[in-house]
Every structure is written in structure tokens, then in C-alpha cells.
1. Report the local net charge at Asp62: Lys and Arg +1, Asp and Glu -1, summed over other residues whose C-beta lies under 12 Å from its C-beta.
2. If you take every residue apart from Val37 with its C-beta less than 15 Å away from the C-beta of Val37, what net charge results, scoring Lys and Arg +1 and Asp and Glu -1?
3. Please report how far the C-alpha centroid of region 184-209 lies from that of region 37-62, rounded to the nearest whole angstrom.
4. Can you give the translational diffusion coefficient of region 16-75 in µm²/s, computed by Stokes-Einstein from the Kirkwood radius over Cα pairs at 37 °C and 0.692 mPa s?
5. Which residue, chosen from Thr118, Val139, Gln105, occupies the Cα position most advanced towards the positive end of the dipole of region 89-140, where the dipole is computed from +1 (Lys, Arg) and -1 (Asp, Glu) charges on Cβ about the Cα centre?
6. Just Lys145, Lys218, Lys165 to compare: in a GNM of the chain, with alpha carbon springs under 10 Å, which one fluctuates most?
7. Grab the Cα-Cα distance for Ala228 and Leu130, subtract it from 0.36 nm times how many residues apart they are, and report the gain in nm with one decimal.
8. Can you give the FRET efficiency to the nearest 0.05 for Trp209 and Leu161, using r as the Cβ-Cβ distance and R₀ = 25 Å?
Amino acid sequence: MAEQDSPVTLPVADCSLCPFRGKTLLMGRCMPGDTCVFINSGRQIDRFFRVNPAYATHYLQDPFWERRAIAVRYAPLKALSALITDEDEVVRRAVAFRLPAQQLQALIDDPDREVRMTVADRIDLEHLELLANDPDYIVRLMVAKRLAPGRLFRFIKDDDLQVRKRVAERLPEVSLGLMATDRSPDVRRIVAERMSPEDATMLLNDSDWVVRYTAALKVDPAHLAGLADDPEPDIRELVRQRLNSNSTPEADHD
């Protein structure tokens, strides 16, 4: 006979020790092993606060970090400022998710990058640039995604490739020439795709053949003669096609 899986044993609190046994238990607003704030079980604690949100403020200073973090989800906003400096990063992350955007400046220098990521995603645009020099590239990337295109110049030389790629995607077209010599061909390919035909001529001699090909597709054929002997066959064929299509015979005159 095949062995049957053992049933999962749920943690159950001792209701005789709970201060709410005469209230929520009698009213059916909690249940041992399922909806309970007195046991160290995140699921049961969350169910308890979901049914009894008024009790959340009583647990914002609880010794158990997970109980504090869950209480933050249900407590009134005015009660959360005291947890901005909580010792546990999970609690501070919960605070960062709930605080109004205009109050997030207090978490800009938080030691936990996920807290700062949440701040970068939610803080009002007026203060977003305060995170522009963050040591973590993901935080800077989130800033580069939200910042106005005209404010992205400070990221043109960013150390991280993903940040510079995002900048190349969003920088105003007239300023793309500033990234035409970026050290990464991935960035230069984005630049070539977005550049105007006039500006794309500066990329015809790029070391990356995809960049040269993209530029050759856009520029005036008059600039393509120098690519007729390009080492890349696809580029030579493109140049041949564009030059031939541009050299149509003039109409005969009577």
C-alpha cells in the first residue's frame, strides 16, 4: 500500500494567553490555527489584521519583525513615520510602499537597496533626482526610467550599461550625438536607431557592423561611397542597393 502524505501541522496559539480572547475570539473574528495574531505565522497574522485592521497600531512596535511588517500594511498612515528607522529592512520596505510620495525623502539614504528602489519608484518627481547618485545601479536605472528626458544628461557616462541603454532610449533626439562614442555597441545601436539621418553619418565608421548597417539605412546615399568596400557583406550589399536605386537615369528631353 502506498504511503500517504503526512498532514501539514499548522501552528496553533494558546488562546488563554491572548489579550483578545474575550473579544475577537468570541465574535468569530479570529480562529486558532487560521486567523491569529498571537502566533509567529505570517499568513495567520495577515488574516487577523485583514479582519481586524483596528488592532494593527498595537503591533507596530512588536518584537517580532514580521508582525510589525504586516501591521504596517493595515495601520493608519499617520502612525508609520515612527517605523522609518526600524531596525528591520522588511519593515522599512513595507513603510516605503505605504508612505505618501511626498514623505519618502526620509528613506532616500536607507541602507537597504530594495527600500531605495521602492522610493525611486514612488517618490514625487520633484525629488527624484536626489537618488541619481545612488550606489546601486538598479536604483539609478529606476531614476533614469522616470526622470524627464531633458534631465538625463548626468547619466550619459554612467558606469552601468543598463542605465546608459535606458538613457539612449529616452534622451532627446537632438542630444544623441553625446552617446555616439559610448564604449558599448549595445548603446550605440540604440543611438543609431533613434538618430536623424543627418546625425547618423557620424556612425558610418563605427567599429560595430550593426551600428554601421543601421546608419547606412538612414543616411543620404551621397554619404555611402566610403562603405562600398566594407568588410561586412551585408553592408556592401545594402550600399550597392541604395546607390543603384538613387542613380536613376534622367528623363529624356524632346
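1. Working: positive: Arg67, Arg68; negative: Glu66, Asp86, Asp88.
Neighbourhood net charge equals -1.
2. Details: positive: Arg21, Lys23, Arg29, Arg43, Arg47, Arg50, Arg67, Arg68, Arg73; negative: Asp14, Asp34, Asp46, Asp62, Glu66.
Net local charge, Val37 excluded: +4.
3. Region 184-209 and region 37-62 have Cα centres spaced 56 Å from each other.
4. 294
5. Farthest towards the positive pole: Thr118.
6. Looking only at Lys145, Lys218, Lys165, the biggest GNM fluctuation is shown by Lys218.
7. Details: separation 98, 0.36 × 98 = 35.28 nm, distance 4.92 nm.
Full-extension gain reported as 30.4 nm.
8. Numbers: r = 19 Å, r/R0 = 0.78.
Between Trp209 and Leu161 the formula returns 0.80.
Rule-based calculations on the coordinates, nothing more; no lab input. This structure is a prediction, so every number in the text was calculated from the model and none was measured. Note that each Cβ is placed from the backbone with ideal geometry, even for glycine, and that neighbours are counted across all protein chains shown.
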